[in-house]
Every structure is written in C-alpha cells, then in structure tokens.
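Each remark here refers to the structure printed beneath this line.
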Amino acid sequence: MPTGLAADGTYGAGARHTFDMTAEEAWRNWAEAKGLGRWLSPARASFKEGDLTTLKDGTDVVVIRARPPTLLRIRLNRIDWPRPRTAQLRVLPAARGHTVALHAEGLPDATTRADYIQRWTKALTGEASATTTKVAANSASAKKTSTRKTAVTKSAAKKTSTRKTVAKKSAAKKPSARKPAAKKPSTRKPAAKKSSTRKTPARR
C-alpha cells in the first residue's frame, strides 16, 4: 500500500516541528488569525468550535473541534473538490518547548499529499528559522547592552578613583593653617639689685 493511502482510497499528509515556546505562544502563532495563513489560507479571525466561514481562496470551513491551546480540527470543502477534506493542528509538549503537528485527511491523490507535506514543512521550518534569528538578534542586543553598561560602570569607577586621588594629593600639598603658638610673657620677676654693704670710711 502506498505511503499515506487510507482504506477508503484517500490520502493523508502530515508535518511537524518543535519550537522553543509555550503552548499558548504556539497556538497564537499557528491557530489564530494570520497564523492560520501559514499552513491553511489567510484567515480574517480566530476559529471557534461550530464556526462556519469562507477563506479568501474560496474554501468553506467548518470548525469541528477547537480546544485552545492544544487542538484545532476543521473540515474543508471547495466546489472543485470531489469530496471534503479534514485538517488538524495539534500542539504537543516536547522535551524543550512544544511541537506543532499538522495533519490532513481525505486528500484525493499522492500528488496532493506531496504538495501538502512540502507546503507545511516549508511553513514550519521557515517559521523556526525566523524564530531562531529573532532569538539570536535579541541575544546579541542584550550582550551589547550589557557591554555598554559594564564600560560605563568601569568609566565611572575610574573617574571616581581619579577624583579621590587628586583630592588626597591636593590635601597633602596644602600648608598647615595652624598658627604658631604665641610666646607667653614670662612671669618671673627680675631679681632686685643687692644694696652695697660696704661702708664709707669716716673722715678724720
């Protein structure tokens, strides 16, 4: 039996990729609004269970099941298709992040199956590359910011150290402002002159 061939004669197709993101982020990126356009067709709004809508390419969509942020199952039909098709998106937990798994049923032939696989694989891996590039850019930006902060901190520290050194040298060069102590006047009294004890001889 050819790969992907079901018992009713239709084909199934699938593609999956793991992203380093939460289940909610994966759901927003693949199951809502513009995210649907990555693997299905440009959509104007998010899908809710029971919704009936027509996509821009003329595909009629019936939402069979919607269980955010893990499961979206829809039925697709167009006038030029021999029978409706079913598409499903699942968000599965992985060792790191979450896996987005796409699967289609009711495809008419192997060529259509190959087209689905090629388009979905390109969408998934292309988004992965864009996410990796964005993460790398954010990391580089954060590294530059950290480097600038470190340089500014070092510069500020160097300036502060220089100012302190200059202040110390300046303080060392300044003459002492203390005045010399004034000489205290002596409190000692001058010695009194000794009176002469020599008597004048008497005249004869």
Exercise for the section: Just read off the accessible area of R113 with the full protein assembly in place, 1.4 Å probe, to the nearest 10 Å². Expected result: 50
Problem - Theoretical gain in end-to-end length, D20 to S41 [0.36 nm per residue, Cα-Cα removed] - result: 5.1 nm
Fill in the blank from the handout: For H103, the accessible surface traced by a 1.4 Å probe with all protein chains present amounts, in square angstrom to the nearest 10, to 70
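Evaluate the charge dipole of region 24-111 about its Cα centre and quote only its size in Debye, nearest 20, assuming +1 on the Cβ of each Lys and Arg and -1 on the Cβ of each Asp and Glu. Don't skip to the end; give the middle numbers.
On the way: 15 positive and 10 negative charges, 28 e Å.
So the magnitude is around 140 debye.
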Practice task
Run the accessible area of region 7-96 with a 1.4 Å probe and give the carbon-and-sulfur part as a rounded percent.
Solution key: 48
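Can you give the Rg to Rh ratio for region 1-127, taking only C-alpha atoms and Rh from Kirkwood?
0.95
Between L71 and T3, 0.36 nm times their residue separation minus their Cα-Cα distance comes to what? Can you show the working numbers first?
Working: separation 68, 0.36 × 68 = 24.48 nm, distance 2.49 nm.
Extra length available between L71 and T3 comes to 22.0 nm.
Using a 1.4 angstrom probe, figure out how much accessible area region 8-66 has per residue, in square angstrom, rounded to the nearest whole.
53
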Exercise for the section: Obtain the nm distance between the two label points defined at D60 and T121 by a simple spin-label model: each point lies 7 Å from its Cα along the Cα-to-C-beta direction. Expected result: 3.3
Fill in the blank from the handout: With R₀ set to 25 angstrom, the calculated FRET efficiency between the beta-carbons of T53 and A94, to the nearest 0.05, is 0.20
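The values are calculated or read from the model by the stated rules, or taken from the named source; none is laboratory data. Source: prediction; values computed, not measured. All Cβ positions, even for glycine, are placed from backbone atoms using ideal geometry, and neighbour counts span all protein chains on display. For accessibility, only protein heavy atoms count, side chains too; no ligands or nucleic acids. Shrake-Rupley method; radii C 1.70, N 1.55, O 1.52, S 1.80 Å.
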